[in-house]
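First up is the structure itself, then whatever we jot down about it.
The values are calculated or read from the model by the stated rules, or taken from the named source; none is laboratory data. Here the structure is a predicted model, which is why all the values come from computation and not from measurement. With ideal geometry, Cβ positions are generated from the backbone for all residues, glycine too; neighbour counts draw on all protein chains shown. Just so you know, the surface numbers come from the protein's heavy atoms only, side chains and all, with ligands and any DNA or RNA stripped out. Shrake-Rupley method; radii C 1.70, N 1.55, O 1.52, S 1.80 Å.
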Amino acid sequence: QHRLRTLAHMLTSIRRSVEARPTTKPVIRRQATHIYTSRADARARIAKESPTLQHTETWFETLVSGREYLPTRMWWVVQLVTTSVTLADIYFSNSPPSLFGGAAAAAADGKNQTSWWRIPAHAHDTLLGLLSLLLAFRTSQAYDRWWEARKLWGQIVNSTRNVASNAAVFMTDLERKRRVIKATICFAWCTKASLRGVRPTSDEIAELASEEMLTAMVTPYVVPLGRRPTLHLEPSEYEQALLEQGEPYDHLPMMMVDEMKAGVRDELDETVGAKGSAAEVHEGWKIVIGNDIKSLVDALGGCERIQKTPMPFGYLAQQRIFMLLWLLSYPLAIAGDYKWWTVVVCAFVSFIMLKVDAISVEIEHPFTTEVHDLPLEAICITIEKNLLEILRRAESRELRPVPLSGLPPSERHHRDRADGRSSTLSASLSEEVER
């Protein structure tokens with residue numbers, strides 16, 4: 001009976017100790033959580049300052065867009081020349097018509113108003129067909145360059161997602177996952193800046209790169225580059241600039257590729273031997289993540305090919321010379337029929353042709369900051385949001401504590417001893433035994 005009473009007292013003490021244990025829910029602990037809020041603020045600032053046009057393609061928006069109604073600078077020159085030619089044609093005609101009934105009076109007299117310098121209208125219409133083919137071919141080639149650039153950036157979006165997802169799932173170290181995913185995000189921002197011939201801003205890569213890399217990446221180029229940098233510096237100027245401010249990193253996207261590969265190399269060094277031979281592990285990682293990194297480099301090379309290969313100058317020059325001669329001679333073909341309305345007709349026709357040529361010039365260079373170019377900021381923001389979401393899930397899986405109720409008894413006892421709870425129970429049992 002004494003032993004039974006002692007055992008019952010011990011069980012009662014254990015039950016009270018368990019009931020008195022706090023029942024707070026486990027809290028998910030994430031390291032460096034501030035990166036998500038700080039990067040969200042940075043993305044908002046970048047989107048607000050983006051120079052590319054974000055449109056909805058509605059009829060109302062296309063019709064009220066004032067920029068599309070602005071003529072090009074060449075239009076004013078063409079309009080000045082065509083107006084002068086029209087006035088000269090009307091003035092030097094055999095019987096120059098006046099604004100108030102002169103044409104009707106000349107027609108009543110039955111006089112021939114045809115002058116020797118005028119061009120037959122049907123001949124000019126024939127040349128218009130040839131000019132239309134040249135403009136259509138030019139516009140088609142420019143749009144092909146724009147669309148090819150967009151497909152290459154779509155390849156970058158897909159490959160960055162694959163790299164980040166594979167790193168988050170297959171890599172064993174959390175810090176290594178962060179390193180590879182952040183380098184992949186920086187690759188997108190650095191590619192955008194490199195194609196525009198500038199350095200990435202601090203908003204674009206803050207919290208994603210180390211302090212040393214951040215300083216090297218935001219340092220301006222040795223000499224400011226133009227809109228489409230294709231020429232190299234003179235050796236003397238380059239060496240002098242190096243002596244003044246040191247040698248900066250020139251090709252930042254490949255630096256980020258090296259950072260991704262360095263993370264994979266560290267993973268290989270750790271897993272070789274534990275998960276198989278070196279050849280097997282290397283071949284596995286080549287399939288898992290190496291092909292996606294190669295796809296990123298291929299897309300980068302395709303974008304640089306578009307950037308550094310403009311339209312052939314000879315074709316561009318011949319097309320513009322032919323178009324300019326046609327526009328300037330157009331009043332000589334229609335002045336005999338339209339008289340003073342020739343000025344209005346020439347202005348309308350030249351506006352359409354020159355505007356189409358200007359749009360072709362803009363879209364054949366899709367990486368600049370014109371409103372019709374690719375919205376690279378929006379694409380990079382999409383990449384960053386997707387990859388940070390992958391990183392957040394990886395951190396949640398690594399850092400979320402498992403509830404005690406879901407552990408086996410042996411692991412639960414080990415977790416209790418780690419938390420210091422089993423020592424309290426042991427002390428209570430010892431006191432009861434002594435009693």
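What the table shows:
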{"read-out": "Qualifying residue in the stretch 151-159 (condition: small (Gly, Ala, Ser), modelled with pLDDT of 90 or more and in a helix (DSSP H, G or I))", "value": "yes"}
{"read-out": "Lone unmet requirement of (1) open to solvent by 20 Å² or more (accessible area, probe 1.4 Å); (2) in contact (Cβ under 8 Å) with a residue 12 or more places away in the chain; (3) under 30 Å from residue 35 (Cα atoms); (4) part of a helix (DSSP H, G or I) for residue 340", "value": "(3)"}
{"read-out": "Considering residues of the stretch 310-356 that are of a type in the set (D, E, K, R) and under 42 Å from the mean Cα position of the chain (by Cα) only, the residue farthest from residue 71 (Cα to Cα)", "value": "320"}
{"read-out": "Residue within the stretch 237-258 that is open to solvent by less than 80 Å² (accessible area, probe 1.4 Å), modelled with pLDDT under 80 and of a type in the set (Phe, Trp, Tyr) present", "value": "no"}
{"read-out": "Those residues of the stretch 124-160 which are among the charged types (D, E, K, R) and crowded, with 18+ Cβ neighbours inside 10 Å, in sequence order", "value": "138, 145"}
{"read-out": "Residue match in the stretch 346-358 (condition: among the aromatic types (Phe, Trp, Tyr) and assigned to a helix (DSSP H, G or I))", "value": "yes"}
{"read-out": "Which listed residue, of 374, 404, is among the hydrophobic types (A, V, I, L, M, F, W, C), open to solvent by 20 Å² or more (accessible area, probe 1.4 Å) and modelled with pLDDT under 90", "value": "404"}
{"read-out": "Residue 326, sole failed condition from (1) in contact with a Ser or Thr (Cβ under 9 Å, 6 or more places away or on another chain); (2) of a type outside the set (Asp, Glu); (3) at pLDDT 85 or above", "value": "(1)"}
{"read-out": "Hits in the stretch 161-198 (condition: surrounded by fewer than 17 Cβ atoms within 10 Å (Cβ to Cβ) and among the β-branched types (Val, Ile, Thr))", "value": "169, 172, 198"}
{"read-out": "Top-ranked residue in the stretch 48-69 [being open to solvent by less than 50 Å² (accessible area, probe 1.4 Å) and either farther than 16 Å from residue 362 by Cβ or over 37 Å from the mean Cα position of the chain (by Cα) (or both); ranked as modelled with the highest pLDDT]", "value": "50"}
{"read-out": "Any chance residue 163 is of a type outside the set (Gly, Ala, Ser), modelled with pLDDT under 90, part of a helix (DSSP H, G or I) and farther than 23 Å from residue 365 by Cβ", "value": "no"}
{"read-out": "Only one of 86, 82, 72 that is modelled with pLDDT of 80 or more, closer than 23 Å to residue 368 by Cα, surrounded by 12 or more Cβ atoms within 10 Å (Cβ to Cβ) and out of contact with any strand residue (DSSP E or B) (no Cβ under 8 Å at 6 or more places or on another chain)", "value": "72"}
{"read-out": "Top-ranked residue in the stretch 348-371 [being open to solvent by less than 50 Å² (accessible area, probe 1.4 Å) and more than 20 Å from residue 322 (Cβ to Cβ); ranked as modelled with the lowest pLDDT]", "value": "371"}
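This table checks each residue for (1) open to solvent by less than 40 Å² (accessible area, probe 1.4 Å); (2) closer than 30 Å to residue 181 by Cβ; (3) acidic (Asp, Glu); (4) outside any helix (DSSP H, G or I).
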position	(1), (2), (3), (4)
298	no, yes, yes, no
301	yes, yes, no, no
305	no, yes, no, no
311	yes, no, no, yes
314	no, no, no, no
322	no, no, no, no
326	yes, no, no, no
329	yes, no, no, no
